[in-house]
Structures are given as C-alpha cells and as structure tokens.
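To start, the structure itself, in structure tokens.
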Amino acid sequence: MSEATTERAPERLDRRLLRRFLRNRPAVVSVFVLAAIVLMAAFAPVIERHPYDTMQLRARSQPPSAEHWLGTDRIGRDVWSRTVHGARVSLVVGFAATAIAVVIGTLLGAIAGFFGGWLEQLIMRATDVLMTFPPIIIMLTLAAFAPRGLWVIVFIIGGLSWPGVARLVRGQFLTLKEQDFVAAANALGVRPGRIMWAHILPNALPPLMAMISFGIGNAILTEAGLSFLGLGVPPPAPSWGTMLEAARNLDILRNLPWTWLPPAGMTVLTVLCVNFIGDGLRDAADARMVL
Amino acid sequence: MFTFALRRVLTSIPVLLAVTILVFALVELAPGDVADYFINPEANTSPEALAEMRQAYGLDRPAPVRYAIWLGQVVRGDLGFSFVSGEPVARMVLRRFQNTATLMSVALAVSIVLGVTLGVFVAVRQYSIWDHALSALSFLAVSMPAFVTGILALYLFAVLLPIFPSGGIRSVGVDAGLWDRIHHLILPAAVLSLAQTATFMRYTRFSVLEVLRADYVRTARGKGLAERRVTMRHGLPNALIPVITVIGLSLPVLVVGAVFTETIFSWPGMGTLYLTAVGSRDVPLVMGLNLFIAVVVLAANLLTDLAYGLVDPRIRYE
C-alpha cells in the first residue's frame with residue numbers, strides 16, 4: 001500500500017487518473033467497443049440497408065440472408081436497420097438523461113455540501129423520499145400519464161435519476177471544503193460560487209465520472225425497460241426495448257429469434273461496456289487501490 | 001437499543017408523510033383529471049355534466065384539501081375503489097401482493113443463500129480460476145436486465161427445452177397441486193434472483209476479503225487456529241454485517257425486477273396489476289400501489305437499520 005511516492009513530484013490528477021485507467025484492460029476494450037456502437041448510431045442512415053420503418057409485405061418473417069442481414073420481422077421490417085437505429089435511441093436517452101441527472105444532482109449536492117444548514121436538510125430529505133421509490137415505478141406512473149415521446153422519456157429518466165449524484169457530490173463537498181486549499185481561496189477573498197466551481201468541483205470529478213458511467217448504463221436499461229413495458233419511446237422509432245417486447249409473443253419467441261436476439265445482445269453489450277468503463281474509472285479514482 | 005429503535009422509527013415518519021405527498025402529486029401533476037376518464041367520446045358529454053361529475057367526486061376542491069381528505073382515508077386503511085373494477089383498492093393490492101411476495105421471497109432466499117455462499121467460496125480462493133470465472137459471470141449477470149434474462153430463460157427452458165411452463169402461476173383447469181405451483185415458480189424465481197445473487201456474491205467477496213486482512217484475524221491465525229476455523233468463526237460473522245445492508249437495500253431492485261418478471265411470465269402479481277392500472281389510468285389503483293410499494297420499501301429500510309443496530313452496537317451510538 002505505502003509506495004515511496006513522496007520523492008516524486010506530485011503527478012497531475014487527470015494524468016494519474018488516465019494512467020491508472022489505461023491499466024484496466026476490460027475498461028480500455030470497452031471504450032473501443034462503445035466507440036464502435038456510437039459510430040454505428042451516428043452513421044445509422046449510411047449503414048442501414050433498408051429504411052428502418054418500411055414494411056416490405058413480400059418479405060415478412062424472413063430469416064437472415066444476404067439481402068436482410070438479420071432477417072425481417074413479422075411485418076417485413078429489416079431487423080439490421082432497426083437494430084442500428086435502436087442504438088440511436090438508446091444512446092441519446094442514455095447520454096441526455098444522464099446529463100440532466102448530473103446537472104441537477106451536482107447543483108443540489110454542491111449546495112447541500114457547501115452551505116449546509118436547512119438547505120442541506122431539505123435537499124437530503126428530498127433525495128431520501130425519491131430513493132424510497134424504485135425510480136422506474138415513478139417513471140411508469142409519469143410515462144403513463146404524460147404525452148409520449150423520446151424527449152419526454154429523456155426528461156423523466158433524467159429528472160428522477162439525480163439523487164445518487166446529489167449524495168455523492170454532497171459527500172465530496174463535505175470533505176473537500178475542509179481542506180487547506182479551500183481555506184486559502186477563502187482567505188484570498190474568492191467568491192463562494194467560484195470556490196465551488198473552480199476549486200472544489202474539479203477535485204470531486206474522479207468519483208463522479210464513475211457514477212456518470214454507471215448512470216448512462218442505468219438510463220439505457222431504464223429506457224429499454226420502459227419501452228419493453230410499452231411505456232417508452234413511441235413507435236415507429238425502433239427502441240431495443242420495443243423490439244424485445246415483441247418476443248413476449250411465444251410464436252415470435254419460438255420462430256423468429258433473429259428479431260429479438262440482436263436487440264437483446266446489443267442492450268447487454270452496451271451496458272456491459274459502460275459498466276466496465278465505470279468500474280475502471282472507479283478503481284482509477286480510488287487512491288487506496290493499488291493498480 | 002430501545003432509544004435507537006425509537007429514534008429510527010420516529011425519523012421515518014416525516015419521510016412517510018413526504019411519500020404520501022409525492023404519491024398524491026404524481027397523479028395530480030399528470031395532464032387531465034379523473035373526470036376526463038369518464039368522458040365517452042361517442043356520447044358527447046356536455047360540459048355541465050362534466051362539472052357535475054367533478055363536483056360529485058370532489059374534484060372541484062383545491063388540491064391541498066383533496067390531499068388532506070385522501071390522507072385521512074389512507075390512514076384509516078381506505079385506499080378507495082378501482083375505477084375499472086369497482087373493487088376496493090386495498091383488497092386488490094393485498095390479493096396480488098401474496099403472489100408477488102411468494103415470488104420475491106423465494107427469489108430473495110435463493111439469492112442470499114447462493115450469493116453469500118459463492119461470495120465466501122471465491123473470497124477464500126482469491127485470484128483462483130473459480131474467482132475469475134465467477135466474478136466475470138457476476139459482472140455479466142449484473143449488466144443483464146430482467147427483461148433480457150427473462151426472455152432468454154423463456155426461450156431456453158420453455159421453448160427450446162420445454163421443461164418449464166411458459167407462464168402463469170399454475171396449470172389451468174386441472175386441480176393444481178403443490179408440485180405444479182413449484183414447477184411454475186422455478187423459472188420466474190430464477191430470473192428474478194439472478195442479478196441479486198450476483199450482487200450479493202460481489203459484496204460478500206469484497207467484505208470477506210476486507211475482514212480477512214484485519215488485525216484480529218491475523219491474531220487468530222497467529223494463535224495457530226486452523227484456517228477454516230479462522231474464516232468461519234472469526235472472519236465470517238463480521239464480514240456478513242455489511243451484507244445485511246445490501247440485502248435490505250435490494251428490495252427496490254427486487255420490486256422493479258418483479259414488474260418485468262411478472263410481465264414476461266404472466267405472473268398475476270403486483271407488477272402485472274401495476275401495469276394494468278397504469279395502462280387503464282386507474283388513478284386510485286395507481287396511487288394505492290405506489291403508496292403500498294413505498295411503504296414496503298420504507299419498512300424494509302427500517303428493518304435493515306434495526307437489524308444492523310442489533311448486530312453492530314457501534315451504529316446505535318452515532
């Protein structure tokens with residue numbers, strides 16, 4: 001545990017983080033796989049072979065072939081194109097919802113940790129209450145009563161996923177604000193807002209990055225789950241969850257495995273990558289851990 | 001211990017109250033109101049008739065007043081009546097809860113036994129082939145949502161190898177015995193317990209490794225005790241304490257898993273009831289279920305904390 005690091009000049013935090021992260025092989029591989037998935041989503045219109053929502057009535061329930069790489073579904077839509085386009089839905093929801101959650105959670109967590117007092121009490125009790133519900137339960141209620149749409153889902157997931165972030169950021173701020181460099185900044189007359197933003201937040205980033213990564217995975221799973229239950233992204237947008245939902249029909253499950261195996265595989269692969277990256281980031285950020 | 005328990009119970013009361021506000025607000029914030037539900041598009045309901053209906057249901061009163069009235073009823077155990085079936089919500093929820101409770105408790109029991117056993121097993125063999133293989137598997141299991149594992153399990157064990165029924169809680173028509181019920185329970189319970197088992201295994205492994213590094217364990221080894229006795233008698237009891245928290249906190253995850261598992265396996269539990277309620281916008285039923293779930297989760301958190309206080313005296317004097 002106790003390395004002789006005192007001799008060396010202190011390494012920059014971000015470089016140290018990167019060096020430690022690069023030693024985690026599954027995490028590095030995951031970065032590349034995830035990049036490939038992102039590219040696939042970005043160039044979906046180029047790599048798809050047929051429009052994802054065109055029903056070719058003469059080519060219904062076709063097994064994979066040269067024409068339809070992953071076959072067609074029951075109403076003649078190309079499964080490859082739908083899977084590729086599904087990546088767009090998953091990634092947009094995953095990243096956008098997590099961005100919303102991180103902004104809300106960081107803001108509230110920073111305020112609670114930095115200022116304390118009744119503000120902290122209020123914010124932390126609110127997170128307690130939200131965490132009492134499994135988030136998807138509230139989301140189901142909201143999704144059922146709200147108008148349907150991709151961005152509605154993004155806001156519902158993002159708007160309810162911040163308590164974890166708020167707790168983490170608050171904890172970080174609580175410890176960091178007692179440190180000497182914050183006292184120094186205070187003594188120099190730096191405004192509180194600037195201390196929070198420029199002095200404390202950068203130091204709270206490493207553990208936050210791991211949480212962001214896990215958050216993206218969770219958001220992707222939540223979208224797929226809501227869509228699976230018929231309350232997610234409305235058709236004809238191809239969501240992996242919606243494609244999987246079709247397999248609840250025993251006939252499709254039995255006879256058209258090529259329609260539901262690809263979205264199932266892609267969901268698991270994407271989430272696996274994001275989780276590996278999160279794991280790598282967490283280990284890299286954990287100073288106690290020897291890598 | 002008594003003061004600790006009392007304090008812990010008292011602090012959960014404001015949370016409970018806030019939960020009821022949230023349950024009420026969730027439905028309140030939704031666009032449209034309950035009266036819209038009764039509009040018959042064919043019959044061309046007049047605005048007067050709608051206003052009358054709003055008055056009859058008390059919908060014309062301000063929200064805080066309606067909240068107070070609703071809370072008063074809830075406290076007396078009256079969750080109202082379902083819009084769709086007209087049945088008392090409390091009775092519907094409790095009836096379905098029995099099925100969900102069966103599924104969840106079997107899944108939880110399996111996860112605890114299997115997860116903790118495997119966790120200890122790999123921890124004492126750190127960096128062995130077993131450790132690597134099971135850790136990789138557990139990582140995969142944690143990343144697989146119930147709707148993927150459920151569909152896969154259905155495909156593998158009910159379609160390709162038809163050894164289990166594809167859904168339902170028991171065979172229809174015939175006089176279903178105990179074995180028939182167990183037969184229907186195995187697949188959904190396995191699906192529901194998979195991610196939990198993996199989670200418990202990972203935490204147990206971590207916790208055991210942590211404890212085995214502690215000074216008192218070294219002392220036990222130094223006394224010349226057999227390694228088996230050191231882990232089982234000295235290490236394990238302390239290693240399991242943090243696992244209690246993980247188990248207690250797993251309930252919300254289990255509830256979510258149950259929604260998907262019940263959907264896939266047509267299990268007539270709370271999850272499927274919830275989806276029906278949400279789908280038909282059965283407001284009293286949705287509110288009742290939300291409240292019920294929140295109370296169960298809150299109670300589980302409370303019990304977890306109390307159990308923790310019981311086994312770890314340090315917690316009591318924080």
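Rounded to the nearest Hz, the phi-derived 3J(HN,Hα) couplings of the range A:17-22 under the Karplus curve 6.51 cos²θ - 1.76 cosθ + 1.60 (θ = phi - 60°) are 4, 5, 4, 5, 5, 5, where x marks glycine and proline. Comparing A:Ile137, A:Ile195, A:Ile277 in a Gaussian network model of chain A, where Cα atoms under 10 Å apart are tied by springs, the biggest mean-square fluctuation is seen for A:Ile137. If I fit a long axis through the Cα atoms of helix B:236-249 and take the longest principal axis of the Cα atoms of chain B, what angle between them do I get, 0 to 90°, rounded to 10? Roughly 10 degrees between the two axes.
What is the Cα centroid distance between the range A:24-71 and the range B:62-110, reported in whole angstrom? The range A:24-71 and the range B:62-110 have Cα centres separated by 44 Å. Our analysis of the range A:16-77 gives Rg over Rh at 1.27, with the two radii drawn from alpha carbon positions and Rh computed by the Kirkwood formula. Radius of gyration over Kirkwood radius for the range B:183-278, both on Cα atoms: the Rg/Rh ratio is 1.22.
Summary of the geometry: the range A:127-159 and the range A:177-256, compared by the centres of their Cα atoms, lie 14 Å apart. Taking amide H as placed 1.01 Å from N in the peptide plane, the amide H of A:Arg74 sits under 5 Å from that of A:Ser61, each at least 5 places away or on another chain. Could you state, as a whole-number percent, how many of the C-alpha pairs of the protein assembly as shown are farther apart than 48 Å? That fraction is 17 percent.
Converting phi to 3J(HN,Hα) with the Karplus coefficients 6.51, -1.76 and 1.60 and the offset θ = phi - 60°, the range A:41-53 yields 5, 5, 9, 3, x, 7, 8, 6, 9, 9, x, 5, 10 Hz in sequence order, with x at every glycine or proline.
Divide the volume of the convex hull around the Cα atoms of chain B by the residue count and you get 190 Å³ per residue. Taking the charge dipole of chain A about its Cα centre, with +1 at Lys and Arg Cβ atoms and -1 at Asp and Glu Cβ atoms, the residue from A:Met243, A:Val268, A:Trp80 reaching farthest to the positive side is A:Trp80. Put simply, the amide H of B:Phe81, placed in the peptide plane, has neighbours under 5 Å in B:Val89, leaving out anything fewer than 5 places away on its chain. Counting only other chain Cβ atoms within 10 Å of each residue's Cβ, the peptide A:124-131 averages 4. With R₀ set to 45 Å, the beta-carbon distance separating B:Val84 from B:Ile21 gives a calculated FRET efficiency near 0.95. Ordered by the number of other Cβ atoms lying within 10 Å of each residue's own Cβ, fewest first, B:Met287, B:Met232 fall into the sequence B:Met232, B:Met287.
Between A:Gly117, A:Val169, A:Met55, the Cα set farthest toward the positive side of the dipole of chain A (charges on each charged residue's Cβ, about the Cα centre) is that of A:Met55. Sorted fewest first by neighbouring Cβ atoms within 10 angstrom, A:Ser30, B:Ser166 come out as B:Ser166, A:Ser30.
Could you give the angle, 0 to 90 degrees to the nearest 10, between helix B:283-311's Cα long axis and the longest principal axis of the Cα atoms of chain B? Orientation of helix B:283-311: about 20 degrees from the principal axis.
Structure remark: mean-square fluctuation, Gaussian network model of chain B, C-alpha springs under 10 Å; the largest value among B:Thr199, B:Thr245, B:Thr261 belongs to B:Thr245. Mean-square fluctuations from a GNM of chain A, with a 10 angstrom spring cutoff on Cα atoms, peak among A:Pro192, A:Pro238, A:Pro135 at A:Pro192. Model label sites at A:Arg49 and A:Asn203, defined 7 Å from Cα along the beta-carbon direction, differ in position by 5.7 nm.
Determine the shielding of peptide B:138-145 by partner chains: average, over its residues, the number of Cβ atoms on other chains within 10 angstrom of each Cβ.
5
Our coupling estimate for the range B:194-208, obtained by passing each phi through the Karplus curve with A = 6.51, B = -1.76, C = 1.60 and θ = phi - 60°, is 4, 5, 4, 4, 4, 4, 4, 4, 4, 5, 4, 4, 4, 5, 5 Hz, Gly and Pro reported as x. For the range A:195-291, the calculated P(r), taken from all Cα-Cα distances in 10 Å bins from zero up to the bin holding the longest distance, is 15, 32, 24, 17, 10, 2, 0 percent. Legend: mean number of C-beta atoms from other chains within 10 angstrom of residue C-beta atoms, peptide B:167-176, equals 0.
Computed from the coordinates by the stated procedures, all read-outs in this text should not be read as laboratory data. Remember, it's a predicted structure, so these values are computed and weren't measured experimentally. All Cβ positions, glycine included, derive from the backbone under ideal geometry; neighbour counts span all protein chains shown.
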